[in-house]
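The values are calculated or read from the model by the stated rules, or taken from the named source; none is laboratory data. As the structure is a computational prediction, the values presented were derived from the model and not from experiment. Cβ placement follows ideal geometry from the backbone for every residue including glycine, while neighbour counts extend to all protein chains displayed. Side chains included, ligands, DNA and RNA excluded: accessible areas come from the protein's heavy atoms. Shrake-Rupley method; radii C 1.70, N 1.55, O 1.52, S 1.80 Å.
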Amino acid sequence: MAENTYLIRGAAILGGEAEDLLIRDGVIEARGKDLSAEDATVIDAQGLVALPGMVDVHTHLREPGREDAETVETGTRAAALGGFTAVHAMANSNPVADTAGVVEQVHSLGRASGWVDVRPVGAVTVGLAGEQLAELGAMADSRAQVRMFSDDGICVHDPVLMRRALEYVKAFDGVVAQHAQEPRLTAGAQMNEGAVSAVLGLTGWPAVAEESIIARDVLLAQHVGSRLHVCHVSTAGSVEIVRWAKARGINVTAEVTPHHLLLTDELVRSYDPVYKVNPPLRTDADVQALREGLADGTIDVVGTDHAPHPSEHKECEWAQAAMGMTGLETALSVVQETMIETGLMTWADFARVTSFTPAVIGRVADQGRPLEVGEPANVILVDPAARWTVDPHKMATMGRNSPFKGKELPGSVVATFFKGHPTVLDGQLNTPYRYPAVSSN
């Protein structure tokens, strides 16, 4: 058997007709019925769906500096198990990824791990402080080839700085990913502002704090002719603003998290800090609007906003708890439950919002490609009929803060092929991909 040759038999390509895929030397060599290759390892994929490897535009890997919460190694293992072949690592590490040196370090850690393609996100401002632009050009020119920039976790609230960032990234076809949160409207906020916050007596995070920043930034993007990406859209009003902007030809894309597609602020009545997140869980009406927005293309992609925390930062009183939820190993299942099993989307649509479009937004050339001959073999096999119960202690991520703990979810990742190499087989980690040695001559 050739170590780098695999014959996937009978997989439903994008949920359609069952076909075979022959993978050799990192690419799809053949696709069709009744394929054969004597030297291939055969994988029986009857009843499985073949999809392009998922691409996450929004992941927190925490390294460098926050290795008590996650590392590039543990986070990318989780990503591979979740069906991802590429992740964008957000900049709020310690030190902040605001220089070429730090993004190159994250890039190198990703290559050394070999589970997925790690694409560092560069900070928009120095130290995420919102006072002066970071070294955007140097990060773009670095070995990491950064194309997405974000102060995620903090809003770039100064309109002059945001305008300058949008102008700057045009030079190298970059994109600014905004965490839309007007800080003065959310001071001390603990949850969504609404009926539940009023009953619980918790300071509310009003929808207008998100919507006002999105409205401002789509107009800035239009004014300077640049690309804007809106992180974790969470309200019905935000969906309407993005829809309005797209109708006017403004170059804006938007993401929604799996947790905002399923969970509501009613869960906060439990005071369980696992439900504390930024932006907060909203109302059922918001959840329905987000689902409809994703289905009709107003929202372009699903981004996990995977945010692992040490247990002591979540297993405490609500007011002191950190904001954030894990998501890499549950994203596929949550999207299947909320979008596919509801009839709002097909598996082909799933590939669009989790692979094709995220790769375009992040300018990741060899990811998010169709499952066709000659294309890179970043492929996942999914069992849509599987059911499993979420147990955070059995996950690869170091974070135990999954809001889906104990919940039964549909769909499981059976295999993940990264650059033609099976990083996951039979639902278990296999071995990482090893990059060819680079000659020093």
(message) Distance cut-off 22 Å, Cα to Cα: go down the list K170/K419; K276/K407; K246/K276 and report the pairs above it.
(response) K170/K419; K246/K276
(message) Modelling each spin label as a point 7 Å along the Cα-to-Cβ direction, I'd like the Y435/S36 distance in nm, to one decimal.
(response) 4.0
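Give, as a single signed number, the net charge of other residues whose beta carbon lies under 14 Å from the beta carbon of N278, with Lys and Arg counted +1 and Asp and Glu -1. Present the calculation step by step, with values, prior to reporting the outcome.
On the way: positive: K276, R282, K314; negative: D151, D152, E182, E193, E210, D265, D305.
Spelling it out: positives minus negatives among the neighbours equals -4.
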(message) Quick check: the angle from helix 236-247's long axis to the longest principal axis of the chain, C-alpha only, nearest 10 degrees?
(response) 70
(message) Compute the helix-to-body angle for 72-81: its Cα long axis versus the longest principal axis of the chain, expressed 0 to 90° and rounded to tens.
(response) 60
(message) Order F172, F356 by their accessible area, 1.4 angstrom probe, all chains in place, largest first.
(response) F356, F172
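When DSSP assigns beta bridges and you keep just the ones with both residues in the range 53-362, what percent turn out antiparallel, to the nearest 5? The partial results should precede the final answer.
Numbers: 1 of 24 bridges.
For the range 53-362, the DSSP antiparallel bridge percentage is about 5.
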(request) Assign unit charges at the C-beta atoms only (+1 for Lys and Arg, -1 for Asp and Glu), then state the dipole size of the chain relative to its Cα centre in Debye, rounded to the nearest 20. (result) 560
(request) Please calculate the 1.4 Å probe accessible area of S226, with all protein chains present, and give it to the nearest 10 Å². (result) 0
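Given 0.36 nm per residue, what is the gain on full extension from E266 to V126 after removing their alpha carbon distance, in nm? Don't jump to the answer; show the numbers that get you there.
Values: separation 140, 0.36 × 140 = 50.40 nm, distance 3.73 nm.
46.7 nm is the gain from fully extending E266 to V126.
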(message) Over the chain, with a Gaussian network built from C-alpha contacts below 10 Å, which listed residue (D39, D56, D284) shows the highest mean-square fluctuation?
(response) D39
(message) Between D173 and A285, what is the label-point separation in nm under the 7 Å Cα-to-beta-carbon projection?
(response) 4.2
(message) Restricting to DSSP loop positions (anything but H, G, I, E, B) with no more than 16 other Cβ atoms inside 10 Å of their own Cβ, which trypsin sites (Lys or Arg not before Pro) remain in the range 166-264?
(response) R248
(message) Tell me the relative contact order for the chain as a rounded percent, counting alpha carbon contacts under 8 Å between residues six or more apart.
(response) 18
(request) Could you work out which residue, out of E337, E312, E73, moves most in a Gaussian network model of the chain, that is, has the largest mean-square fluctuation with Cα springs under 10 Å? (result) E312
(message) So, taking all protein chains as they sit and a 1.4 Å probe, how much accessible area belongs to Y168, in Å² rounded to tens?
(response) 110
(message) Under 5 Å between amide hydrogens, which residues at least 5 positions from H229 or on another chain qualify, with H placed 1.01 Å from N in the peptide plane?
(response) V176, A177, Q178, T253
